[in-house]
Amino acid sequence: MDAKSAAQERFAFAREGLIELSHRIHAHPELGFEEERACAWLCESLADAGFSIEKGTGGLPTAFRARAGSGPLHIGICAEYDALPGIGHACGHNVIAASSVGAALAAAKVADELGLTITVIGTPAEEVGNASGKILLLERGAFAGIHAAMMVHPAPFDMLRAKIIAASMFEVHCTGKESHASAFPERGVNAADALTIAQTALGLLRQHIRSTDRIHGIITNGGSAPNVVPAHTSAKYIIRSETLDQLAELRPRVHRCFEAGALATGAKLAITGGDKPYAEMRHHESMAALYRQNSEALGRPFPDLGEWQTRPSGSTDMGNVSQTISSIHPMIGINSLPAVNHQPEFAQHCITADADKALCDGALAMAWTCIDLAMNREVREELLRAAVPH
């Protein structure tokens, strides 16, 4: 039996358990850095398959590493498992987690004979927007010695190289002074007005930024009572650009809009966060080509999506990994249209038969890609030369 057939046989043995794992994670959504159950379930599945488990990787309680094989070519498969506030797994991280485990189980079957080490890296808090799991794990050495990294992400349709852009999330706090809003308005400093002016300035700024830039946010505290001048207001904002360099140009322009609101109203301003942004995704061409072949062999061709191929999509801390380690992050379709990522309807699609098939196809395509990376001498040597040092 050849290596890919052996991996497929191993995956088939685990298939039903992986689908059940995906549905269980979906039914118990947990926010970033709080994914205690999902982390435990993933570790249990991998430990039962003979992987060695390291919990609390990088000092993060819901991060882990699970390893099998001892070959010189070390491949990391990233698992995400956090959910979104209010709408649960509306980005399909339950599918990501189970497909990553499935890929690792299948590839581990032939790891030693091919000279592979397979590590599943449990990466919490992808959705937090700043100082996220992969960024902190990179800083703390969790990816050291890994030659290549991969994961697949649910989407309405398959995409090999989604245009994943840089992003930075920060919080804004405005402080004014309470007063009776009718009897003594002149004695108050309205912190809500500071945010209103800032939002107006941001709306005008959008005329003069790149078409690929994004500015979006929410008011998290707009005041406590309509008859009290708001003294404390806050917001969360995300800014995005095609690259980290462009993001660095956009950031001060956005901050000045909030400064304008504070200046006009006399409120005090504090901006926190945004110090550990998400980088743009750098897709490794040779790895992507091998994944394409394996996806197509499983009956999943990549359609011509027209403008969807070039329009900016979301952002992910997998972009930070790709800036350091050869990486791929293909999108795998779950046939969800008209529902798209970050809609409640998309969350419902992440436990359908189409999502379960995407889980299985993505896992096997990744496992086969690991095998190809081990057997393709040219790509293997390229990856070995580019390892992140221990």
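The values are calculated or read from the model by the stated rules, or taken from the named source; none is laboratory data. For clarity, every value in this text was computed on a predicted model and none was experimentally measured. Note that each Cβ is placed from the backbone with ideal geometry, even for glycine, and that neighbours are counted across all protein chains shown.
Filtering the range 350-390 to residues that are in contact with a Pro (Cβ under 8 Å, 6 or more places away or on another chain), surrounded by fewer than 24 Cβ atoms within 10 Å (Cβ to Cβ) and under 30 Å from residue 88 (Cα atoms) leaves nothing. The number of residues in the range 256-312 that are acidic (Asp, Glu) and in contact (Cβ under 8 Å) with a residue 12 or more places away in the chain comes to 2.
This table checks each residue for (1) modelled with pLDDT of 95 or more; (2) among the β-branched types (Val, Ile, Thr).
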position: 140; (1), (2): yes, no
position: 151; (1), (2): yes, no
position: 155; (1), (2): yes, no
position: 161; (1), (2): no, no
position: 164; (1), (2): yes, yes
position: 169; (1), (2): yes, no
position: 174; (1), (2): yes, no
position: 191; (1), (2): yes, no
position: 208; (1), (2): yes, no
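Only a single criterion out of (1) farther than 29 Å from residue 279 by Cα; (2) surrounded by 14 or more Cβ atoms within 10 Å (Cβ to Cβ) is not satisfied by residue 227, namely (2). Where strands (runs of 3 or more DSSP E) fall wholly inside the range 1-81, the ranges with 1 or more residues that are among the charged types (D, E, K, R) are 52-55, 64-69. When 16, 35 are screened for being modelled with pLDDT of 95 or more, more than 20 Å from residue 67 (Cα to Cα), surrounded by fewer than 16 Cβ atoms within 10 Å (Cβ to Cβ) and not β-branched (Val, Ile, Thr), only 16 passes.
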